[in-house]
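Enquirer: Got a structure for you, questions after.
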Amino acid sequence: MADRALPRTAALACVLRFNFLGKQKRREERERGAEDGVRPRVNTFSPEGRLFQVEYAIEAIKLGSTAIGLKTKDGVVLAVEKRVTSPLLEPSSVEKIMEIDEHIGCAMSGLIADARTLVEHAFRVETQNHRFSYGEPMTRESSTQAICDLALRFGEGDEESMSRPFGVSLLIAGHDENGPSLYYTDPSGTFWQCNAKAIGSGSEGADSSLQEQYNKELTLQEAETIALSILKQVMEEKVTPNNVDIAKVAPKYHLYTPAEVEAVIARL
Amino acid sequence: MARFDPYENNGGTCVAVAGADYCVVAADTRLSVGYSILSRDHSKIAQLADKCVLASSGFQGDIKALQKALAAKELVYEHNNNKKMSCPAMAQLLSNTLYYKRFFPYYAFNVLAGLDTQGKGCVFTYDAVGSYERTGYSAQGTGSALMMPVLDNQLKSPSPLLLPARDAVTPLSESDAVDLVKDVFASATERDIYTGDRLEIVVINSSGTCRECIELRKD
């Protein structure tokens, strides 16, 4: 018995020592990495106090298609550029504005696949859970907070978390007992309430146009026209009912049919 | 071989009546076990939110646990949603909480009452596993079979199956409704051994909640 035990214990000791060495090595690497200013692990701070992955994610959104949202006293208007890259692509299959609940819709910009995950898992499930538990629609701020709770669940080690942040920005249009509202979220998990906002590649130009043209007394119709005209400025192609999407939440969510979009284009 | 029975019926009756802009909730204060009285002064009514009150009869151990759970959930809701829970929201929550324990139920027969988001009186009546309905009035507990026929006679609501939906709330004034509740308890106390001692009446209206106690027969 003793002679068989000995090599086994020796083998065990080797494994343990190897593990210990491995941990030691990894710790040294980590410390070295942080000191050099070399990009640290995904969910840890850099020495200057920045989360690089989150900042890079925000950069990724600047490549995404433009989306514009405007809030009026009657409701909120969302307009997106669909960016149909080929005439063979079926335009109605490109869905960049989604319904969350009867009284909430959201427009997305950035990695659309990430946006889908965020909307399906966080948003829709949360609002329906609320309806199930309390028999009432979720307030727009709580639902936006629910999405943002998910945004920072990334990192290494934990199997359940993503390996990187969500590379998507959302414009959330909602209506509850406090009236209409527009929220803007970004990959850092922060959300802001806005009167008007543009996200995506054309956001800088669009934001400054919005600042000039927006006022609180706009009607829903005027807001539609403004949103579409700003989109036209920042889009490369001509605006047609097939390459833009418009939706409103006033007070219920409604995605415009191509005929309704055509009517707004005619007013431009 | 005596098996451990996890349940016990502590008796008592609860009643609620909804009016156009008020709600009356009443319950006796006798706590019994078997043929003995454990307390003549035990409240069965719990205030869950400012316009929402729960009255339960049955096994007081389960009832206390249920009240605690609901109060905690209400606080979490307030923190997450920046507003207090409305009575209809609490009604749905109570139903889900009861059904969660479908296979080891809370031995609690509940009546949830208060004002809805429009300020109208609302009464929700439950069974032990969470089936609920919004009605104009309800009685639950050991004396409920003695009280419901009298309430039906005095307050008969239109059927909830009628279309367009008719208002279930009673056209009675607040003082008339309180008098009816006192009469109905006095009658049930005569014949139900578990009901008696003192009646606690809570009236909820737009100006708040007020509590009144009257004596009942002690035998």
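Derivation of every value follows stated rules applied to the coordinates shown; laboratory data play no part. Bear in mind the structure is a predicted one, so any value in this text is a computation, not a measurement. Note that each Cβ is placed from the backbone with ideal geometry, even for glycine, and that neighbours are counted across all protein chains shown.
Enquirer: Calculate for the protein assembly as shown the 222 nm mean residue ellipticity that helices alone would give, adding -39,500 (n - 2.57) per DSSP H run of length 4 or more and normalising by residue count, nearest 500 deg cm²/dmol. Intermediate results must be reported in sequence, preceding the final value.
Expert: Numbers: 12 runs with 175 residues, N = 487.
After summing the helix terms and dividing by the residues of the protein assembly as shown, the value is -11500 deg cm²/dmol.
Enquirer: Counting only Cα atoms, I'd like the Rg/Rh figure for chain B, Kirkwood definition for Rh.
Expert: The Rg/Rh ratio comes out at 0.96.
Enquirer: What residue among B:A108, B:A18, B:A49 has the largest mean-square fluctuation in a Gaussian network model of chain B, using Cα springs under 10 Å?
Expert: The residue with the greatest mean-square fluctuation here is B:A49.
Enquirer: What lysines does B:K68 reach when the alpha-carbon gap must be under 20 Å and sequence neighbours fewer than 8 apart in one chain are set aside?
Expert: B:K44, B:K51, B:K83, B:K84, B:K101
Enquirer: Hey, with R₀ at 51 Å, roughly what FRET efficiency would B:A186 and A:T219 work out to, going by the Cβ-Cβ distance, to 0.05?
Expert: Efficiency computed from Cβ-Cβ geometry: 0.25.
Enquirer: Give me log10 I(q)/I(0) at q = 0.07, 0.09, 0.14 Å⁻¹ for the protein assembly as shown, Debye formula, one equal scatterer per alpha-carbon, no solvent.
Expert: Relative scattering, expressed as log10 I(q)/I(0), comes to -0.59, -0.80, -1.18.
Enquirer: Which of the chymotrypsin sites (Phe, Trp or Tyr not before Pro) across the stretch B:69-139 are loop residues per DSSP, with 13 or fewer other Cβ within 10 Å?
Expert: Passing sites in the stretch B:69-139 are B:F103.
Enquirer: Moving on to the next point. For A:K232, which lysines qualify as cross-link partners when the Cα separation must be under 23 Å and same-chain residues fewer than eight apart are set aside?
Expert: By straight Cα distance, A:K232 reaches A:K62, A:K71, A:K82, A:K96, A:K197, A:K216, A:K248.
Enquirer: If each of A:R116 and B:L38 carries a label point 7 Å out from its Cα toward its Cβ, how far apart are those two points in nm?
Expert: Between A:R116 and B:L38, the simple spin-label model gives 5.7 nm.
Enquirer: In whole Hz and in residue order, list the ³J(HN,Hα) couplings for the stretch A:75-87 that follow from phi through the Karplus curve 6.51 cos²θ - 1.76 cosθ + 1.60, θ = phi - 60°; x for Gly and Pro.
Expert: Karplus-based 3J(HN,Hα) across the stretch A:75-87 equals x, 10, 10, 10, 9, 10, 8, 7, 6, 7, 7, 8, x Hz.
Enquirer: On to the next question. Through the Karplus equation 6.51 cos²θ - 1.76 cosθ + 1.60, θ set to phi - 60°, convert the phi angles of the stretch B:103-113 into ³J(HN,Hα) values in whole Hz; use x for Gly and Pro.
Expert: 9, 7, x, 5, 7, 9, 10, 9, 10, 9, 9
Enquirer: With a 10 Å radius around each residue's Cβ, average the other Cβ atoms per peptide and rank A:234-245, B:55-66, highest first.
Expert: Packing proxy ranking, top to bottom: B:55-66, A:234-245.
Enquirer: Between A:T257 and B:Q118, how high is the FRET efficiency from 1/(1 + (r/R0)^6) when r is the Cβ-Cβ distance and R₀ = 35 Å? Nearest 0.05.
Expert: 0.50
Enquirer: Right, next: Looking at chain B, which Cys residues are left with no other cysteine's beta carbon under 4.7 Å from theirs?
Expert: B:C14, B:C23, B:C122, B:C210, B:C213
Enquirer: Once both labels are modelled 7 Å past Cα along the beta-carbon direction, what's the A:R267-A:E90 spacing in nm?
Expert: With each label point 7 Å from Cα toward Cβ, the separation is 3.1 nm.
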